[in-house]
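Engineer: So that we are looking at the same thing, I have put the structure below in structure tokens.
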Amino acid sequence: MSGIQEILVIVLLIVALLVVPRMFGNRHRSSAPKPPRPPLSGPIRLAIIASIAWPLAMAALLQPWHHQWLIFSGLGLAPVLTGWSVAWVLHGYRRR
């Protein structure tokens, strides 16, 4: 069970690194209002949830903490990274 705990600690550290700086950010910013960000569309929300659910499902099935990191990285992480990379490149071409 220590493998699950280690993964949860890593997730907690990543969340802390992303959230804490926003909580204690620079409060002396200029008074110019920022333009509002458009809300996330349905397909983007689905992609974010799938990007979280797929590696978690693969981790539950493959149990990479039992020396199966190579298989997990190929079946769990590679599809997510490839999908977001393709979306990022296509978004760049569409902006032109």
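Computed from the coordinates by the stated procedures, all read-outs in this text should not be read as laboratory data. A quick note: this is a predicted structure, and the numbers were derived from the prediction, not measured. When we count neighbours, we look across all protein chains shown, and the Cβ atoms used for this are built from the backbone with ideal geometry, even at glycine.
Engineer: With n ≥ 4 as the cut-off for DSSP H runs, can you work out [θ] at 222 nm for the chain, using -39500 (n - 2.57) per run divided by the number of residues, rounded to the nearest 500?
Structural biologist: The per-residue figure over the chain is -22500 deg cm²/dmol.
Engineer: Chymotrypsin sites (Phe, Trp or Tyr not before Pro) within the chain: which are DSSP loop residues with at most 16 other Cβ atoms inside 10 Å?
Structural biologist: Working: sites: F24, W65, W69, F72, W84, W88, Y93; in loops: F24.
Sites meeting the loop and neighbour criteria: F24.
Engineer: Convert 20 °C to kelvin, take the viscosity as 1.002 mPa s, use the Kirkwood radius over C-alpha pairs of the chain as Rh, and evaluate the Stokes-Einstein diffusion coefficient in µm²/s, rounded to a whole number.
Structural biologist: 129
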